[in-house]
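The values are calculated or read from the model by the stated rules, or taken from the named source; none is laboratory data. Please read all numbers here as calculations on a predicted model, not as lab measurements. Every residue, glycine among them, receives a Cβ derived from its backbone with ideal geometry; neighbour counts consider all protein chains shown. For accessibility, only protein heavy atoms count, side chains too; no ligands or nucleic acids. Shrake-Rupley method; radii C 1.70, N 1.55, O 1.52, S 1.80 Å.
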Amino acid sequence: MQSHPRVRIAPSPTGYFHVGTGRTALFNWLFARRHGGTFVLRIEDTDTARNRPEHVEGIMSSLRWLGLGWDEGPFLQSERSALYERAIDVLLEAEAVYACDCSPADIQDRARKRGGPPGYDGFCRDRSLEATSGRMLRFKTPREGSIGFTDLVRGNPTFPLAAIEDFGVRKSNGEPLFILANVVDDADMSISHVIRGDDHTSNTPKYALLWEALGYGELPVFAHLPLINNAQGKKLSKRRDKVAVEDFRDEGYLAEAMVNYLALLGWSPGDDREILPLEEMISEFDLGDVKSSPAIFDERKLASVNSQYLRKMTPEEMVERSELWLRSRWEPLAPLVQERVRTLAEVYSMVEFLYRPEPVIDQTEWAKALRKNANFALVLEAAAETLAGAEWDVDGIHSALSAAGDKAGVANLRDSQAPVRLSVTGRSVGPPLMESLVLLGRDKTLSRIRAGLARVQDAPVTG
RNA sequence: GGCCCCAUCGUCUAGUGGCCUAGGACACCACCCUCUCAAGGUGGAGGCACGGGUUCGAAUCCCGUUGGGGCUGCCA
């Protein structure tokens, strides 16, 4: 191993920071620290249709929260297109790639007709199409032979080339595809060890092919980390599972506990120690000790680790850390709250809904609102629907609520707000609703609205 | 379908041919401590997926089976 390895974390800005990405970042960071290496942050935002610049800030803040500082970057792939274009020229020149004008539908049709496996069949490989805009570029994968690479955790896998189709390297709109930008950047940034999730193992032969075609010389060393799965054994997904590290932060987990727990997923110091100070992790971390079988994310264990960190604090630290957290929860609402209170004691009732798992419903106000508003349930129903698809900011929620009011036949926004406010905060008064909901989050808002709905249906007020 | 990978208590793991009657942690159960609850202590239940080899000896090595996962996108 060279003396000063260079590693990178290369997330794509998708709107949240996946715990799996966090674990990958941690292992990269640990490896770099252990060996006096350099940890590079690179944002893989080549898909302009999908990525948003503001999400880059989210990635950085999660990384900072975890304490995983980077030495270089962030480098944005969206700002490095010249590099990829140059690489494309090299590939074109060497005739390692060719233009293709097949639509996804064409490819699918042909696959179905020949009854074979899905995927690209090399239709344009020998058509010598000109590489004009509007045509994607594919790599001419050798039809026979095999290709392998060094992998510190999985041994040295070898892949038969025949199973690898002619994969795309550039989109028809001229944007580079992930695999191309990934390889070019790793070479440009002199990455020596590619430490990433196991979901990339199958991409690595393509990586190696491109690397070679571009004449980059010796391949980096790889380390494909076992995936982190949910309780069903499937890869953690945003839809089904809680996967965003910012969610754990918001729920009161400590960064150091999170890091400690994540380190234990796929790695262990080789004995029975589980609560490990960062320094010990750094001095003992070894990619060779990383397991190759996937792990299941167990929040109960995380909570247990967290509680151990909590108990170890001095009372002063405990107060300090709790206050920081308590404060961060309602801070964004502060300007709105201060206009509505006469004493500090009143602050509590204004923000309490943010801290409770479920709101405490003010019975009197609830009954009153129900009596006054014949469309109470209709509003809730409509709101649950429109809010589910709303952009989660003040404007988005505002229009969703208006739309809900229209649907429920309620004339003005104020009347359609009451049922929602009562269901979500339990009270009829409080800080402005949109801002409150933004802070509470979509999931909790929706589940509280549904609970409110159930409440109306269970006990309708008669008079 | 094709290619690749994985397989120790429910979960995270220790184990790299004899130290294994398989160790620890979370969760679970019981008891102790105790003004409640935690914490702590003690004990308990619970695992090498299966079948063949190799070997004096296999959780550990090999093969097969089964099960699971990943990839197979003009996403990353």
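Data for the structure
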read-out	value
Selection within segment A:24-56 - open to solvent by 10 Å² or more (accessible area, probe 1.4 Å) and part of a helix (DSSP H, G or I)	A:Thr24, A:Trp29, A:Arg33, A:Arg34, A:Glu54, A:His55, A:Val56
Conditions (1) more than 35 Å from the chain's Cα centre (by Cα); (2) farther than 29 Å from A:Tyr253 by Cα; number of the one not met by A:Ala403	(1)
Residues located in segment A:144-154, provided they are of a type outside the set (A, V, I, L, M) and either part of a loop (DSSP other than H, G, I, E, B) or open to solvent by 50 Å² or more (accessible area, probe 1.4 Å) (or both)	A:Glu144, A:Gly145, A:Ser146, A:Phe149, A:Thr150, A:Arg154
Checking A:Phe297 against (1) more than 20 Å from A:Phe248 (Cα to Cα); (2) at pLDDT 95 or above; (3) not hydroxyl-bearing (Ser, Thr, Tyr), the condition it does not meet	(1)
Segment A:57-88 - residue that is within 14 Å of RNA strand B (Cβ to nearest atom) and assigned to a strand (DSSP E or B) and, of those, farthest from A:Tyr98 (Cα to Cα)	A:Pro74
Some residue of segment A:239-251 being in contact with a Ser or Thr (Cβ under 8 Å, 6 or more places away or on another chain), more than 10 Å from RNA strand B (Cβ to nearest atom), in contact (Cβ under 8 Å) with a residue 40 or more places away in the chain and part of a loop (DSSP other than H, G, I, E, B)	yes
Given (1) out of contact with any Ser or Thr (no Cβ under 8 Å at 6 or more places or on another chain); (2) under 13 Å from A:Val245 (Cα atoms), number of the condition A:Phe17 does not satisfy	(1)
Test result for A:Gly430, on the phi > 0 side of the Ramachandran plot and at pLDDT 90 or above	yes
Residues (open to solvent by less than 30 Å² (accessible area, probe 1.4 Å), assigned to a loop (DSSP other than H, G, I, E, B) and closer than 21 Å to A:Asp89 by Cα) located in segment A:155-207	A:Asp166, A:Phe167, A:Met189
Per-region count, segment A:89-129, residues of a type in the set (A, V, I, L, M) and either within 14 Å of RNA strand B (Cβ to nearest atom) or free of Cβ contacts under 8 Å to residues at least 40 places away in the same chain (or both)	6
Only one of A:Thr150, A:Thr132, A:Thr141 that is over 16 Å from A:Glu212 (Cα atoms), away from RNA strand B (no atom under 11 Å from the Cβ) and not basic (Lys, Arg)	A:Thr132
Subset tally (residues that are touching a helix residue (DSSP H, G or I) at 6+ places or on another chain (Cβ under 9 Å), among the small types (Gly, Ala, Ser), in a helix (DSSP H, G or I) and open to solvent by 40 Å² or more (accessible area, probe 1.4 Å)) for segment A:419-459	1
Subset of segment A:358-411 [assigned to a helix (DSSP H, G or I), aliphatic (A, V, I, L, M) and open to solvent by 60 Å² or more (accessible area, probe 1.4 Å)]	A:Leu378
First in segment A:323-348 and farther than 13 Å from A:Asp250 by Cα, second anywhere and open to solvent by 80 Å² or more (accessible area, probe 1.4 Å) and not in a loop (DSSP other than H, G, I, E, B), Cβ under 9 Å, 6 or more apart	A:Val347/A:Gln338
Output for segment A:60-100, where each listed residue is in contact with a Ser or Thr (Cβ under 8 Å, 6 or more places away or on another chain) and either surrounded by fewer than 17 Cβ atoms within 10 Å (Cβ to Cβ) or farther than 30 Å from A:Lys140 by Cα (or both)	A:Asp71, A:Glu72
Odd one out for A:Ala303 among (1) over 26 Å from the mean Cα position of the chain (by Cα); (2) within 15 Å of RNA strand B (Cβ to nearest atom); (3) small (Gly, Ala, Ser)	(1)
Selection count, segment A:252-286, where residues are over 24 Å from the mean Cα position of the chain (by Cα) and open to solvent by less than 20 Å² (accessible area, probe 1.4 Å)	3
Selection within segment A:234-251 - closer than 29 Å to A:Gly288 by Cα and open to solvent by 40 Å² or more (accessible area, probe 1.4 Å)	A:Lys234, A:Lys235
Checklist (1) free of Cβ contacts under 8 Å to residues at least 60 places away in the same chain; (2) open to solvent by less than 60 Å² (accessible area, probe 1.4 Å); (3) not charged (D, E, K, R) applied to A:Met318, failing item	(2)
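Yes or no, residue by residue, for (1) over 25 Å from A:Leu265 (Cα atoms); (2) within 8 Å of RNA strand B (Cβ to nearest atom):
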site: A:Phe159; (1), (2): yes, yes
site: A:Ala162; (1), (2): yes, yes
site: A:Glu175; (1), (2): yes, yes
site: A:Ala181; (1), (2): yes, yes
site: A:His200; (1), (2): no, yes
site: A:Ala208; (1), (2): yes, no
site: A:Val221; (1), (2): no, no
